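Note sheet for the following structure.
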Amino acid sequence: MSDDVLIRVDAVGKKFSHTLRKSLLYGVADSGNALLGRKAKSGSLRKDEFWANQDIQFELKRGECLGLIGHNGAGKTTLLKMLNGLIPPDAGRIEMRGRVGALIALNAGFNPILTGRENIFIIGSVLGFSRKEIQQRLESIIDFAEIEEFIDMPVQNYSSGMQVRLGFSVASQMDPDILLIDEVLAVGDLGFRVKCLNRIHELLQRSAVIFVSHAMPYVSRICNQAMLLEHGRMLEYSSQVGEVIERYHAAFTSGEKAVAGTGEVEVLEVSSPLETKSEELYTHEFNTPLELTVRLRINCDYEHIGVRINIWNPDQRPALDMVTRGYESFVWTHQRSEVTLRVKTAAVTLAPGKHSVSIVVFEAEHITVLCRMDNAFHFGMSSHISTGCEAFLAADWEISEEETIS
Amino acid sequence: MSDLPVRVYSQEPAIKRPRLLFREMSEDLKASKELSYALAVRDIKSQYRQSFLGYFWAFLPVLGSTLLFLFLKAGGAIQLTETQVPYLLYTMVGTTLWQLFVEGFNKPLQSVQGAKTMLTKINFPREALILSGMMVVGMNFLIRFVILLPVLIFYAMKGLFPLHIESLVLFPLGVLSLALLSLALGLLLVPVGLLFTDIAKATGMIISFWMFITPVVIPIPESGFASVVMRYNPVTPVLDSTRSWLLGQVPQFMDGYILTVALSFALSLLGWMILRITFPHIVSRLGM
């Protein structure tokens, strides 16, 4: 059972046109060809056309989950739509075995002036449930959406979050062989997201899943393989999900230095004595101390000046706040106008990926920010295992086996 | 695991494998039974929920054009061939049937157009949209007919038109034939109409012209150019026969009726096939 391939995608491509007029005319031409039984020329582009997807190739078995990542407009949704049979490929072949279910923002079929309950029946039937099946699942749908109070209110009075909840709740009742998920976790509050994730995990056991998301922690948590799309092509496809995600992050151009604050302090230089000049991006050895050198020019006469160094993870979330061994800000008494700080941290166990460093210099009494420099320094982290978390925490583990009395 | 349904998407034109095409068509038609009903209920409910006059709106156009033509005729503004039944009855039944044809003709495109966002996001049997549309058309006709019923009963009791049971039973058949004809013509417009708004705009104009070459409110003249055009209009035999059956008259165009119904069948099937084959290509152009 574990090795039955449910999705087979072979050299698939899809063409779109830049201009609307051409797009519509090509639509007519394609339709005409299809009616006459003529195979359209697949290899070449017509005027104003581009490949929205090209040479996509993969197979997915039951129990596997493929994370589809890439920038906006990379072709993820186009691929998903071809897999769902909504639009035909312009090249290659797709074979889908089993019932296909799609978890997408499902407020498309809602009628705004009908009540939530009535809309459940409509969306349910659109997704292929019979009236009886919906009746049986009605309780759990309403429960899942957590909107029992408003279920008999017209949907137009729902907030967009509530609408999505309702749509997702209906869709989550499906039990498909192939599940396509497009950015559903981007909406809804935390509690609902957790619910959705749990439901997806349940479905994962018995389906082949394709998961499109921009939220890398979810991708690394859910998927056991990942594909990075760029300009419609497969840039990377591997079961090393962490590596693909790293590549995705690296594809973003490194953030420009950004300076804010009163300007009374300038950051002249941030570097690491560990980096070699030839390296484009300094890669820090996992579980070793990080060393930084920060040169500052101070153009004011506050008595006490403090500094903090923050490290941001590849998702641009703050990961670490660098302080002293006594867990306080590093503060010194101001005397010279130019100072050099040499920092050596405890062993760093951050997750793999490209991290950035912010320097924050402030006046110690009123915590007025004198200078804040973001993207002052970048470094990559080396690691062998992937994680959706920001860092690893080493621990001693012990297991004691209880003796059972039989 | 070979019992899993398999669908293959490739460039291989579906029309090259007609057996598979017909199998998928009948599968989807079966699968769309419940869905089309749910969609029709949605449309009918929402159609009238936001209005006070509600179902009465379905009947207003009939009343409007009947009154208009009664006024024009009585005032001597137009000269019409004498009708065998009272003119008011002729017009009212005529407009009710015409309304059915117009709605049936417009509905396929409207209903698919209205589901555009659903089409680009969810894979469901597209047949359901057409079916539900026709159910709504049928429902609207029933509403109009129920409102028309007292008028018919009143005229029948006064003996102003004959009640023939044997022809009356043919009336529902006539109604279905008219609906089928409208569906056949309407279906053909869907593929192009979805891409280009010209179609929807043009049909509005065509319909208002078409009414005057169909014996809806104007009986076919004895002779002349208009008479020829009206006789060759495919709606004429179906609409006129249906009205004759209701009002106990002998239908004039039985040959034309049979021919038109046969053609409607063939065209509906053809339109359905065309829609199936072209649909994915058209959805590709409808955007994300």
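Annotations
- You can think of it this way: the chain between residue A:133 and residue A:8 has 41.9 nm of extra reach, that is 0.36 nm per residue less the Cα-Cα gap.
- Sequence-separation-based contact order of chain A, relative, with Cα cut under 8 Å and 6+ spacing, percent: 16
- The magnitude of the dipole of chain A, with charges of +1 and -1 set on the Cβ of Lys/Arg and Asp/Glu and taken from the Cα centre, is near 2180 debye.
- Rounded to the nearest 10 degrees, the inclination of helix B:87-114 to the longest alpha-carbon principal axis of chain B is 10 degrees.
- Rounded to the nearest 10 degrees, the inclination of helix B:235-246 to the longest alpha-carbon principal axis of chain B is 60 degrees.
- Take the Cα of residue B:263, step 7 Å toward its Cβ, do the same at residue A:198, and the gap between the two points is 6.3 nm.
- Per-residue mean of C-beta atoms belonging to partner chains within 10 Å, peptide A:113-124: 3
- With the simple spin-label model, which puts each label point 7 Å out from Cα in the Cβ direction, the residue B:4 to residue A:287 separation comes to 4.1 nm.
- Residues in region A:294-309 carry Karplus couplings, in order, of 10, 9, 10, 10, 10, 10, 8, 10, 5, 7, 10, 10, x, 9, 10, 10 Hz; the curve used is 6.51 cos²θ - 1.76 cosθ + 1.60 with θ = phi - 60°, and Gly or Pro positions show x.
- Fully extended contour minus Cα-Cα distance, from residue A:240 to residue A:215, at 0.36 nm per residue: 7.3 nm
- Per-bin percent of Cα-Cα distances, region A:11-77 [10 Å]: 17, 40, 29, 14, 1
- Amide H partners (placed H, <5 Å) of residue A:102, local residues excluded: A:180
- Residue B:158 accessible area, 1.4 Å probe, all protein chains in place, Å² to nearest 10: 130
- Between the amide H of residue A:146 and any residue lying 5 or more places away or on another chain, no distance stays under 5 Å, with hydrogens modeled in the peptide plane.
- Evaluating 6.51 cos²θ - 1.76 cosθ + 1.60 at θ = phi - 60° for every residue in region B:57-67, the Karplus couplings come out as 4, 5, 8, 3, x, 4, 4, x, 6, 4, 4 Hz, glycine and proline recorded as x.
- Protection proxy ranking of B:159-165, A:224-230 - average other beta-carbon atoms within 10 Å, highest first: A:224-230, B:159-165
- Spatial offset of region A:44-117 relative to region A:165-238 amounts to 13 Å, using the alpha carbon center of each.
- Charge dipole (debye, nearest 20) of chain B; +1 at Cβ of Lys and Arg, -1 at Cβ of Asp and Glu: 740
- Those residues of region B:216-231 whose amide nitrogen sits under 17 Å from the label point placed on residue B:82, 7 Å along Cα→Cβ: B:219-223
- Computed from backbone phi with θ = phi - 60° and the Karplus coefficients 6.51, -1.76 and 1.60, the 3J(HN,Hα) list for region B:142-148 is 4, 4, 4, 5, 5, 5, 6 Hz; x is used for glycine and proline.
- Those trypsin sites (Lys or Arg not before Pro) in region A:43-84 that DSSP places in a loop and that have at most 16 other beta carbons within 10 Å: A:46, A:47
- Averaged over the residues of peptide B:116-125, the number of Cβ atoms from other protein chains lying within 10 Å of each residue's Cβ is 6.
- When the charge dipole of chain A is built from unit charges on Cβ atoms (+1 for Lys and Arg, -1 for Asp and Glu) and taken about the Cα centre, the candidate among A:376, A:218, A:324 whose Cα reaches farthest toward its positive end is A:218.
- Distances between placed amide hydrogens fall under 5 Å for residue A:350 paired with A:287, A:392, all partners being 5 or more residues away or on another chain.
- Proximal lysines to residue B:73, defined as alpha-carbon separation beneath 26 angstrom and excluding residues fewer than eight positions away on the same chain: B:158
- Relative contact order %, region B:24-284, counting alpha carbon pairs below 8 Å whose residues are six or more apart: 26
- Ordering B:75, A:190, A:353 by the projection of their Cα atoms onto the charge dipole of the protein assembly as shown, which places +1 on the Cβ of Lys and Arg and -1 on the Cβ of Asp and Glu, puts B:75 at the extreme positive end.
- Relative to the longest principal axis of the Cα atoms of chain A, helix A:241-251 runs at roughly 70 degrees.
- Straight-distance candidates among the aspartates and glutamates for linking to residue A:14, with alpha-carbon spacing under 13 Å and chain neighbours fewer than 8 residues away dropped: A:30, A:49, A:55, A:90.
- Residue range of chain A that is longest and free of chymotrypsin sites (Phe, Trp or Tyr not before Pro) which are both DSSP loop and sparsely packed (at most 14 other C-beta within 10 Å): A:1-251
- Solvent accessible area, Å² - residue A:132, 1.4 Å probe, full protein context: 150
- When the Cα convex hull of the protein assembly as shown is projected onto planes of every orientation, the mean area is 46.7 nm².
- The mean sequence distance of close C-alpha pairs (under 8 Å, at least 6 residues apart), as a share of the length of region A:258-381, puts its relative contact order at 36 percent.
- Solvent-accessible surface of protein heavy atoms, probed at 1.4 angstrom with all chains present, puts B:24, A:401 in the order A:401, B:24, largest first.
- Positive end of the dipole of chain B (Cβ unit charges, origin at the Cα centre): among B:217, B:189, B:246, the Cα lying farthest that way belongs to B:189.
- Gain on full stretching of the segment that runs from residue A:332 to residue A:303 - 0.36 nm per residue minus C-alpha separation: 9.6 nm
- In units of the compact-protein estimate 2.2 N^0.38 Å, chain B shows a Cα radius of gyration of 1.11.
- Charge dipole (debye, nearest 20) of the protein assembly as shown; +1 at Cβ of Lys and Arg, -1 at Cβ of Asp and Glu: 3360
- Average beta carbon contacts from partner chains per residue of B:272-281, 10 Å cutoff: 5
- Put a dot 7 Å past the Cα of residue A:225, heading toward its Cβ, do the same for residue B:22, and the two dots end up 3.9 nm apart.
The values are calculated or read from the model by the stated rules, or taken from the named source; none is laboratory data. Computed from a predicted structure; not experimentally measured. Every residue, glycine among them, receives a Cβ derived from its backbone with ideal geometry; neighbour counts consider all protein chains shown. These accessible areas exclude ligands, DNA and RNA; they are computed on the full protein's heavy atoms, side chains included. Shrake-Rupley method; radii C 1.70, N 1.55, O 1.52, S 1.80 Å.
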